[in-house]
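Dumping the structure here so I can ask a few things about it.
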């Protein structure tokens, strides 16, 4: 990301009064360097004499100017290395899932299991902040970054402040437009999945079947359209990594007790066929989450079963073609060297292999 874009985005996080302070401070400093007196500076800029005196002789630097200086000192406006930018994409993704930034942009929080937060903490140290992890339940808590400079920096990159249910937002353009299957998209999805996606969980009393992965979000009534648009963008990115999902569904409507707001729960489901689970595990997967681990044994099993599913898709298309030529299930089974119970299911019951998903 270019230096000018980073600076401009960060600058826009200040309100009009703070921006005016930054501009006035710069004017005063430049005029003082030209050896103008405080009275001459006042007459030229219409800035109060007290402000000019404090800025020049008492070193009382405006809060917003100090914040900008700290950001410059940390290198936030330099051309960020690709390796660092991909971890910022992860943090933005986590923020859009189970993270938050205070409305005054003074605090950033990430929620999760303590051992996972310790791993994320190492990422944050790259950006010269000092996170603190608090425990609320056994091994559960939140990580707090009391640092307005970092909060503004993350916000300028597309993170969300305040109550996400009552605000409109989207996948940041620098991530969404970064190219097909880019590392930024992958890290962004990993941040979201680590914080919000349900785990890969086996269905009880089934030989080797898994529950569908679900991604939920809640929106106030007037923000539902934005929520659907955002979730569809997520589905688009998943699709790039060969991970298919259902259309957006509405789970339930309810009134939130704390403020009586009318809320709607939206979600989509990642299909649980083996090919899709293998593509998710291989191309995206979870990164820093101990309760959603996909081990190597499970990955190899998904790979084996996904190859079988691919064969079914190939045989299904061939079977439908042979059926159109008038062949019976027995004849098709013999021609394709494939079990007849699959053929009968496909041509007589109009069933399809699980990996042929309806989008």
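Could you please find all residues in the range 321-339 being under 45 Å from the mean Cα position of the chain (by Cα), in a helix (DSSP H, G or I) and modelled with pLDDT under 90?
Within the range 321-339, the subset under 45 Å from the mean Cα position of the chain (by Cα) is 321, 336, 338-339.
Okay, now just the ones that are also in a helix (DSSP H, G or I), so 321, 336.
Listed by number, the list holds a single entry, 336.
Can residue 150 be described as at pLDDT 95 or above, surrounded by 18 or more Cβ atoms within 10 Å (Cβ to Cβ) and closer than 26 Å to residue 107 by Cβ?
Against the criterion (at pLDDT 95 or above, surrounded by 18 or more Cβ atoms within 10 Å (Cβ to Cβ) and closer than 26 Å to residue 107 by Cβ), residue 150 qualifies.
Counting only residues that are touching a helix residue (DSSP H, G or I) at 6+ places or on another chain (Cβ under 7 Å) and either on the phi > 0 side of the Ramachandran plot or crowded, with 18+ Cβ neighbours inside 10 Å (or both), how many does the range 46-61 have?
Count: 3.
Could you tell me whether the range 50-63 includes any residue that is in a helix (DSSP H, G or I) and in contact with a strand residue (DSSP E or B) (Cβ under 9 Å, 6 or more places away or on another chain)? Break it down into steps so the answer makes sense when it comes.
Residues of the range 50-63 that are in a helix (DSSP H, G or I), as a first pass: 50-57, 63.
After this cut, where a residue has to be in contact with a strand residue (DSSP E or B) (Cβ under 9 Å, 6 or more places away or on another chain) as well, the list is none.
So far as the range 50-63 goes, no, none of its residues is in a helix (DSSP H, G or I) and in contact with a strand residue (DSSP E or B) (Cβ under 9 Å, 6 or more places away or on another chain).
Looking at the range 7-26, which of its residues are touching a residue at least 24 places away in the same chain (Cβ under 8 Å) and part of a helix (DSSP H, G or I)? Full working, then the answer.
Looking only at the range 7-26, we keep the residues that are touching a residue at least 24 places away in the same chain (Cβ under 8 Å), and these are 7, 9-14, 18-19, 21-22, 24-25.
Within the range 7-26, 7, 9, 10, 11, 18, 19, 21, 22, 24, 25 meet the criteria.
Just checking, how many residues over the range 290-311 are closer than 17 Å to residue 210 by Cβ and in contact with a strand residue (DSSP E or B) (Cβ under 8 Å, 6 or more places away or on another chain)?
Qualifying residue count for the region: 1.
Give the range 214-235 a look and list any residue that's touching a residue at least 40 places away in the same chain (Cβ under 8 Å) and not in a strand (DSSP E or B), or say none. Spell out the reasoning first.
Going residue by residue through the range 214-235, those that are touching a residue at least 40 places away in the same chain (Cβ under 8 Å) are 214-221, 223-224, 226, 229-230, 233-234.
221, 223, 224, 226, 229, 230, 233, 234, listed by residue number.
So, in the range 163-175, of the ones that are touching a residue at least 60 places away in the same chain (Cβ under 8 Å) and closer than 16 Å to residue 227 by Cα, which residue ends up farthest from the chain's Cα centre (by Cα)? Spell out how you get there, then give the answer.
Step one: list which residues in the range 163-175 are touching a residue at least 60 places away in the same chain (Cβ under 8 Å), which gives 164-166, 169-172, 174-175.
Next, only the ones that are closer than 16 Å to residue 227 by Cα stay: 164-166, 169-172.
Working: 164: 13, 165: 15, 166: 18, 169: 11, 170: 9, 171: 7, 172: 9 Å.
Within the range 163-175, the match that is farthest from the chain's Cα centre (by Cα) is 166.
Follow-up question, since we're still on this one. So in the range 181-212, with the set limited to residues that are within 16 Å of the chain's Cα centre (by Cα) and not in a helix (DSSP H, G or I), which one is surrounded by the most Cβ atoms within 10 Å (Cβ to Cβ)? Let's see the steps before the verdict.
First, pick out the residues of the range 181-212 that are within 16 Å of the chain's Cα centre (by Cα): 181-198.
Next cut, not in a helix (DSSP H, G or I) only: 181-182, 196-198.
Values: 181: 13, 182: 17, 196: 17, 197: 21, 198: 16.
Across the range 181-212, the extreme among qualifying residues is 197.
Now for a separate question. Take residue 160 and decide whether it is under 27 Å from residue 291 (Cβ atoms), buried (at least 17 other Cβ atoms within 10 Å of the Cβ) and in contact with a helix residue (DSSP H, G or I) (Cβ under 7 Å, 6 or more places away or on another chain).
Working: under 27 Å from residue 291 (Cβ atoms): yes; buried (at least 17 other Cβ atoms within 10 Å of the Cβ): yes; in contact with a helix residue (DSSP H, G or I) (Cβ under 7 Å, 6 or more places away or on another chain): yes.
Yes, satisfied.
Let me ask something else. Would you mind stating whether residue 219 is surrounded by 15 or more Cβ atoms within 10 Å (Cβ to Cβ) and touching a helix residue (DSSP H, G or I) at 6+ places or on another chain (Cβ under 6 Å)? Give the steps one after another, and end with the answer.
Working: surrounded by 15 or more Cβ atoms within 10 Å (Cβ to Cβ): yes; touching a helix residue (DSSP H, G or I) at 6+ places or on another chain (Cβ under 6 Å): yes.
Judged against the criteria, residue 219 is a match.
Also: Going by the conditions given, is residue 119 under 20 Å from residue 232 (Cβ atoms), out of contact with any helix residue (DSSP H, G or I) (no Cβ under 7 Å at 6 or more places or on another chain), in contact (Cβ under 8 Å) with a residue 60 or more places away in the chain and not assigned by TED's automatic domain parsing to the domain that holds residue 63? Steps first, please.
Details: under 20 Å from residue 232 (Cβ atoms): no; out of contact with any helix residue (DSSP H, G or I) (no Cβ under 7 Å at 6 or more places or on another chain): yes; in contact (Cβ under 8 Å) with a residue 60 or more places away in the chain: yes; not assigned by TED's automatic domain parsing to the domain that holds residue 63: yes.
No; evaluated as a whole, the condition is false for this residue.
Let me ask something additional. Looking at 317, 303 in this structure, which one is in contact with a helix residue (DSSP H, G or I) (Cβ under 6 Å, 6 or more places away or on another chain) and either buried (at least 17 other Cβ atoms within 10 Å of the Cβ) or not in a strand (DSSP E or B) (or both)? If you could, list the steps in order and put the result at the bottom.
Details: 317 fails: in contact with a helix residue (DSSP H, G or I) (Cβ under 6 Å, 6 or more places away or on another chain).
Unique residue meeting the criteria: 303.
Kindly establish whether residue 78 is at pLDDT below 90 and under 30 Å from residue 181 (Cα atoms). Steps first, please.
Details: at pLDDT below 90: yes; under 30 Å from residue 181 (Cα atoms): yes.
The answer is yes for residue 78.
Go through the range 241-255 and report how many residues are surrounded by fewer than 16 Cβ atoms within 10 Å (Cβ to Cβ) and touching a residue at least 40 places away in the same chain (Cβ under 8 Å). Please lay out each step first, then the result.
Residues of the range 241-255 surrounded by fewer than 16 Cβ atoms within 10 Å (Cβ to Cβ): 242, 247, 249-255.
Narrowing further to those that are touching a residue at least 40 places away in the same chain (Cβ under 8 Å): 242, 247.
So the answer is 2.
The values are calculated or read from the model by the stated rules, or taken from the named source; none is laboratory data. Bear in mind that the values here come from a model prediction, so they are computed numbers and not experimental data. Using ideal geometry, Cβ is built from the backbone for each residue, glycine included, and neighbour counts are taken over all protein chains shown.
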